[in-house]
1. Highest GNM mean-square fluctuation, the chain, Cα pairs closer than 10 Å: which of SER93, SER27, SER187?
2. Compute the length gained on full extension between GLN104 and GLN65: take 0.36 nm times their separation in residues and subtract their Cα-Cα distance, giving the result in nm to one decimal.
3. Strictly greater than 25 Å: what percent of every Cα pair in region 90-201 meets that?
4. Could you give the distance between the Cα centres of region 101-152 and region 155-195, to the whole Å?
5. When the expected Rg is taken as 2.2 N^0.38 Å, what fraction or multiple of it is the alpha-carbon Rg of region 121-181?
6. Give me the angle, in degrees from 0 to 90, between the Cα long axis of helix 2-65 and the longest principal axis of the Cα atoms of the chain, rounded to the nearest 10.
7. Compute the distribution of all C-alpha to C-alpha distances in the chain, in bins of 10 Å from 0, and list the percent of pairs in each, rounded to whole numbers.
8. Viscosity 0.692 mPa s, temperature 37 °C: Stokes-Einstein D of region 1-42 from its Kirkwood Cα radius, in µm² per second?
Amino acid sequence: MTSIIEKRLSLHQRLAEQEQENRALKSQNTQLQALATLGSATCMIAHEINNLLTPLTTYAALAVQNPDDAALAKKVLDKTVRNCKRASRIMQSMLAMANGQDRQQESARVRAMVDEVFTCLCRDFAKDSIVVQTSIPEDLQVDCVPIQMEQVLMNLVLNARDAMLPGGGILKIVAGEDGDQVSITVSDTGRGIPPEHLPDIFRPFFTTKTQKDRPAGSNSGSGVGLAFCRRIVDAHQGQIDVASQPGKGSSFTIRLPRKPSHDRL
Ligand SMILES: Nc1ncnc2c1ncn2[C@@H]1O[C@H](COP(=O)(O)OP(=O)(O)OP(=O)(O)O)[C@@H](O)[C@H]1O
Ligand SMILES: [Mg+2]
């Protein structure tokens, strides 16, 4: 009899200990998840800021080589102010996202967002023998966090450019309404993506790029661009898809609800 009571007491004690251990593990898990989220947000912020700094560095170097060109120096200073302000807005928006805070969406003109991307890139694509063609209705609007969606477009444009170097080609951006969605397609006539790579390209840190694929002054790929795009598009309740033919080119299509059901970004 005593032994049964003792056994039950000992079992209760072990159960209590297990429960305590479970609680401790759960809290540790929550802390680790928060750290992982912060880690990936930090990585993405660094990547996006690099996207803004790289063209600026090349542009500023040009001004240094031409000290008598006052008009060029003024343009470089204007772009520096613009891109630095942008970098700070990206940091705020990504950190808020990592902290689970709501971001206010606004109605943004798609054409204005695309123009902003090319302005930030400070690079004449014609110099790389790339012809840029756009077909975007003047008044096409979509609800989004513009700073985030512009960075998505910037990553797609940079990938398209990389895929067409050094020979050049056609970079096309087409946008329009598709039922209750807005679609934006960025396509190129570059090297394309082998089918065996397609399942991996949105995975963080997947890259096939080495320094030699990139324009002078830029880094080799880090494989963060498309992971960033997917994360932002998901947060907008949208989809991002790819179609590609090796040797012919690729096209990435983003579909966003014109009016998302909630605006938690
Ligand atoms: N337009 C494209 N044409 C061909 N391959 C592409 C294209 N876009 C993406 N890829 C492939 O997907 C990979 C991942 O792209 P992602 O943008 O995530 O990283 P990355 O461009 O290599 O580096 P970065 O972190 O600087 O963006 C690329 O390395 C490339 O192999
Ligand atoms: Mg990229």
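Every number here is computed from the coordinates shown, using simple stated rules; none is lab data. Everything quoted here is computed from the prediction, not taken from an experiment.
1. SER27
2. Details: separation 39, 0.36 × 39 = 14.04 nm, distance 4.26 nm.
Length gained between GLN104 and GLN65: 9.8 nm.
3. Values: 1969 of 6216 pairs.
Every Cα pair in region 90-201 considered, those over 25 Å come to 32 percent.
4. After rounding, the separation between the Cα centres reads 13 Å.
5. This ratio for region 121-181 stands at 1.27.
6. 10
7. With a bin width of 10 Å, the distribution comes to 6, 25, 31, 18, 7, 5, 4, 3, 1, 0, 0.
8. 260
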